[in-house]
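Before any comments, here is the structure.
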Amino acid sequence: MAALTMTFAVRPGPAFRRGFTLVEMAVALLVMALLVAGMMLPLSAQQELRARRETENTLNDIREALTGYAAGHAASDGKPYLPCPDTDDDGIQNRSASPGACAALEGALPWADLGLGRDDAWNNRFRYRVSAAFSDSGAGFALNGAGDIDVCADSACAAGSKIAGGIPVLVLSHGRNGFGAFNANGFMHAAPSDADELENANGDNRFISKSPDGAFDDLVIWLPPSVLINRMITAGRLP
Ligand SMILES: [Ca+2]
Ligand SMILES: [Ca+2]
């Protein structure tokens with residue numbers, strides 16, 4: 001150690017000015033290349049994860065906004081009601097009569113009425129389904145209100161795969177593949193070929209909710225009747 005200290009004391013310059021050898025340069029470049037490759041590969045996966053998380057957050061906000069809408073709106077009979085689907089892409093719900101029933105029970109989310117949720121992270125409209133018994137602005141829903149929307153884990157919807165039934169309202173994003181969705185320009189994407197995705201796009205009252213796989217990437221949320229009605233009781237809107 002003493003000798004080393006001496007060397008530095010006498011000739012400090014060259015020891016520090018020594019450049020990299022070719023071998024060191026090659027090793028450094030190799031390490032950098034590996035690091036860059038390691039960061040590049042999962043980048044698209046990271047973006048995809050971020051888009052899903054963003055859409056999940058929007059869906060949760062939509063669920064809250066729907067509860068808020070029901071709490072803040074009174075039908076002709078004084079009871080709360082949920083908004084109707086938007087059927088002409090202006091974000092405003094469409095009714096066959098005012099007050100009255102919805103023009104259709106399924107369409108786009110009435111985002112303008114809710115003040116949020118126009119598009120998912122892939123710039124497609126959210127699909128919105130509401131039960132007739134919960135969306136009539138002439139006669140609102142009561143404590144015993146029964147929805148007619150079912151959610152299953154697969155399109156067969158056998159007894160074991162039914163997740164929830166009698167749901168008042170459901171909102172979904174068609175996910176990254178966008179099959180079955182339409183966007184801001186009224187452009188309709190191709191219909192899904194996957195049976196479970198098709199179930200979410202065929203306009204009936206059955207929907208599929210499950211983890212994404214190679215073919216299925218839809219995100220689905222709903223308001224169970226117990227949650228909606230309890231929130232109305234808390235808000236003093238139902239006895
Ligand atoms: Ca409309
Ligand atoms: Ca999809």
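Rule-based calculations on the coordinates, nothing more; no lab input. Values in this document were obtained by computation on a predicted structure and should not be read as measured data. Every residue, glycine among them, receives a Cβ derived from its backbone with ideal geometry; neighbour counts consider all protein chains shown.
With +1 on each Lys and Arg Cβ and -1 on each Asp and Glu Cβ, and nothing else charged, work out how big the dipole of the chain is about its Cα centre, in Debye to the nearest 20. Could you put the intermediate results ahead of the total?
Numbers: 19 positive and 27 negative charges, 249 e Å.
For the chain, the charge dipole is close to 1200 debye.
Determine the relative contact order of the chain: mean sequence separation of Cα pairs under 8 Å and six or more apart, normalised by residue count, in whole percent.
Numbers: 432 pairs, mean separation 38.8, N = 239.
Value for the chain: 16 percent.
Around Arg125, what is the net charge, scoring Lys/Arg as +1 and Asp/Glu as -1 over all other residues with Cβ under 9 Å from its Cβ?
Working: positive: Arg118, Arg127; negative: Asp86, Asp89, Asp119, Asp120.
Result for the neighbourhood of Arg125: -2.
Using 0.36 nm per residue of separation minus the Cα-Cα distance, give me the extension gain between Asp113 and Leu35 in nm, one decimal. If you can, show how the numbers build up before the last one.
Working: separation 78, 0.36 × 78 = 28.08 nm, distance 4.81 nm.
Full-extension gain reported as 23.3 nm.
Between rounded, prolate and oblate, where does the range 92-239 land on the alpha carbon gyration tensor, with a ≥ b ≥ c its root eigenvalues, rounded for a/c under 1.5, else prolate if a/b exceeds b/c?
On the way: a/c = 2.00, a/b = 1.34, b/c = 1.50.
Note, shape of the range 92-239 comes out oblate.
Among Leu49, Ala132, Ala153, whose Cα lies farthest out toward the positive end of the dipole of the range 44-234, if unit charges sit on the beta carbon of Lys, Arg (+1) and Asp, Glu (-1)?
Ala132
Nearest 10 degrees is fine. How inclined is helix 225-234 to the longest principal axis of the chain, computing both from alpha carbons?
80 degrees
Taking the Cβ of each residue in Thr58, Thr234 as the centre, tally the other Cβ atoms inside 10 Å and list the residues starting with the fewest. Intermediate results must be reported in sequence, preceding the final value.
Numbers: Thr58 23, Thr234 11.
Result, fewest neighbours first: Thr234, Thr58.
May I ask you to sort Cys102, Cys152, Cys157 by Cβ crowding, counting other Cβ atoms within 10 Å and putting the fewest first? Write out the running numbers ahead of the final one.
Values: Cys102 24, Cys152 21, Cys157 18.
The most exposed by this proxy come first: Cys157, Cys152, Cys102.
Grab the Cα-Cα distance for Leu43 and Leu143, subtract it from 0.36 nm times how many residues apart they are, and report the gain in nm with one decimal.
On the way: separation 100, 0.36 × 100 = 36.00 nm, distance 4.86 nm.
Working it through step by step, the gained length comes to 31.1 nm.
Give the angle, between 0 and 90 degrees and rounded to the nearest 10, that separates the Cα long axis of helix 43-72 from the longest principal axis of the Cα atoms of the chain.
30 degrees
Modelling each spin label as a point 7 Å along the Cα-to-Cβ direction, I'd like the Asn183/Glu54 distance in nm, to one decimal.
Each label point is offset 7 Å from its Cα along the Cβ direction, giving 1.3 nm.
Taking R0 as 22 Å, what FRET efficiency do you get between Ala74 and Ser96 from their Cβ-Cβ distance, rounded to the nearest 0.05? Numbers along the way, then the final one.
Numbers: r = 20 Å, r/R0 = 0.89.
Taking R0 as 22 Å, the efficiency between Ala74 and Ser96 is 0.65.
Count charges around Arg237 for me, please; just the other residues with Cβ under 15 Å from its Cβ, Lys/Arg as +1, Asp/Glu as -1.
Working: positive: Lys79, Arg231; negative: Asp77.
Around Arg237, the charge tally is +1.
Would you order Glu199, Glu64, Glu48, Glu24 from fewest to most other beta-carbon atoms within 10 Å of each residue's own beta-carbon? Intermediate results must be reported in sequence, preceding the final value.
On the way: Glu199 21, Glu64 14, Glu48 17, Glu24 10.
Least crowded to most crowded, the residues run Glu24, Glu64, Glu48, Glu199.
Per DSSP helix of 4 or more residues, -39500 (n - 2.57); summed, then divided by the residues of the chain. What does that give at 222 nm, rounded to the nearest 500?
Result for the chain: -10500 deg cm²/dmol, rounded to the nearest 500.
Using only Cα atoms and rounding to the nearest 10 degrees, what angle (0 to 90) does helix 22-40 make with the longest principal axis of the chain?
Helix 22-40 sits roughly 0 degrees off the main axis of the chain.
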